[in-house]
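Asker: Structure incoming, see below.
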Amino acid sequence: MNVIRFSDLCANGQAAGQRVFIRADLNVPQADDGSITEDTRVRASVPCIQMALAAGAAVMVTSHLGRPTEGEFKPEDSLAPVAKRLAELLGRDVPLVANWVDGVTVAPGQVVLLENCRVNKGEKKNNEELARKMAALCDIYVNDAFGTAHRAEGTTYGIAQFAPIACAGPLLAAEIDAIGKALANPKRPLAAIVAGSKVSTKLTILKSLSQNVDQLIVGGGIANTFMLAAGLNIGKSLAEADLVDEAKAVIDAMKARGAEVPIPTDVVTAKTFAADAVATVKKATEVEDDDLILDIGPETAAKLAAQLKQAGTIVWNGPVGVFEFAAFENGTKVIAQAIAESSAFSIAGGGDTLAAIAKYGIEKQVGYISTGGGAFLEILEGKTLPAFEILAKRAAG
């Protein structure tokens, strides 16, 4: 995908003295007192801001935070805690500007944070009048918020239509590169791990991937539905019996291409869903009517690990068992370690996946960790994200 890159503009001196508007993703989790409980997104936004400042630009940064009501600003909607954390990370003052749509005063070498963009009327519906006003504030618009790239809003799409130059920041550019490497031009074999509680929420992803991947590893409640489709008893495990035909269609589509959906040969079961439940390893053909399947078994995990180590590219979305419970974490742990040890290019995304990566300490061994949950899933579905689409259009002139 061809987009203008902010890093190129800075390297060529095109950002010097220019007004740069950065749409970042600073939507961080907060405690009841408003303090930030996890600042990954704020830290991830720093390189783009520093790049703009080093290039001699006058820098404006904005983001949404939470779910404010448009046109009704409340103190809890404020980016004030973010401004404070950003100031600490940048080692400089970061003034917070409210009511900024009609004009912002910022000099080259300075940075200001523009208050929560979702408070502006027309932001979510991408109102053209609002988009044009925001575009008039800048010479260069930079989208560095992959987490919102699947939404066509004022600060993610509209402003990019009307700004003199619209480009991708380093974080967004890295996502575009990683996604291209993993899906558009993958080194084969291409293995995808798609896990989660429901087939229904991932059905379009499974269908899309079944046209492209060499191995489609399913886990969690999704695997239970596929086990049903393969004629196995799954006891009282979480599954969607009404989607068995859809699961069969995915299996058949893969088979027709000489690819496969590996069905677990052994599982870890319990009689109740609890951290202290007794875990029993059994063959997939021996599941009893009152069993709950909470993980893949060691034989299945070892087989999948061996396949992942042979892969050229791995896409990972979702843990394969209830990894939060020690007795049912082995499958996810073995898969995580196999990805870490594989020479394949790996890309991972989704909240639970990131939690598993952190739990097993393999951040450095994963090729690329995606920063956007919903946006990452839509990419896997084969959709073109609105933010990518408008930046590509602008790059094409």
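Asker: Which count do you get for residues in region 155-194 that are in a loop (DSSP other than H, G, I, E, B) and among the charged types (D, E, K, R)?
Answerer: The first filter runs over region 155-194 and keeps only residues in a loop (DSSP other than H, G, I, E, B), leaving 163-164, 169, 185-189.
Restricting the remaining residues to those that are among the charged types (D, E, K, R) gives 187-188.
Adding up the residues that qualify gives 2.
Asker: Having 1 or more residues that are farther than 27 Å from LYS125 by Cβ, open to solvent by less than 30 Å² (accessible area, probe 1.4 Å) and modelled with pLDDT under 95 is the bar; report the helices (runs of 4 or more DSSP H) wholly within region 293-397 that clear it.
Answerer: Values: elements: 298-310, 330-341, 351-359, 373-380, 386-395.
Here the list reads 351-359.
Asker: Is region 5-18 home to any residue that is farther than 30 Å from LYS393 by Cα, touching a helix residue (DSSP H, G or I) at 6+ places or on another chain (Cβ under 7 Å) and open to solvent by less than 10 Å² (accessible area, probe 1.4 Å)? Full working, then the answer.
Answerer: Narrowing region 5-18 to residues farther than 30 Å from LYS393 by Cα: none.
Within region 5-18, none of the residues are farther than 30 Å from LYS393 by Cα, touching a helix residue (DSSP H, G or I) at 6+ places or on another chain (Cβ under 7 Å) and open to solvent by less than 10 Å² (accessible area, probe 1.4 Å).
Asker: Within the bounds of region 322-329, is there any residue that is without any contact (Cβ under 8 Å) to a residue 24 or more places away in the chain and closer than 27 Å to GLU38 by Cα? Walk me through it before giving the result.
Answerer: At the first step, the residues of region 322-329 found to be without any contact (Cβ under 8 Å) to a residue 24 or more places away in the chain are none.
Within region 322-329 (the criterion being without any contact (Cβ under 8 Å) to a residue 24 or more places away in the chain and closer than 27 Å to GLU38 by Cα), the answer is no, since none of the residues qualifies.
Asker: Please work out if ALA191 is in contact with a Lys or Arg (Cβ under 7 Å, 6 or more places away or on another chain) and surrounded by 24 or more Cβ atoms within 10 Å (Cβ to Cβ). Outline the logic, then answer.
Answerer: On the way: in contact with a Lys or Arg (Cβ under 7 Å, 6 or more places away or on another chain): no; surrounded by 24 or more Cβ atoms within 10 Å (Cβ to Cβ): yes.
Taking the combined requirement at face value, the residue does not satisfy it.
Asker: Six or more apart or on different chains, Cβ atoms under 7 Å: show the pairs whose first residue is in region 337-366 and without any contact (Cβ under 8 Å) to a residue 40 or more places away in the chain and over 22 Å from LEU377 (Cα atoms) and whose second is in a helix (DSSP H, G or I) and among the small types (Gly, Ala, Ser).
Answerer: The qualifying pairs are ALA338/ALA305; TYR360/ALA336.
The values are calculated or read from the model by the stated rules, or taken from the named source; none is laboratory data. In this text, all values refer to a predicted model and were calculated from it rather than measured experimentally. All Cβ positions, glycine included, derive from the backbone under ideal geometry; neighbour counts span all protein chains shown. We work out accessible area using only protein heavy atoms, side chains counted, and drop any ligands, DNA or RNA first. Shrake-Rupley method; radii C 1.70, N 1.55, O 1.52, S 1.80 Å.
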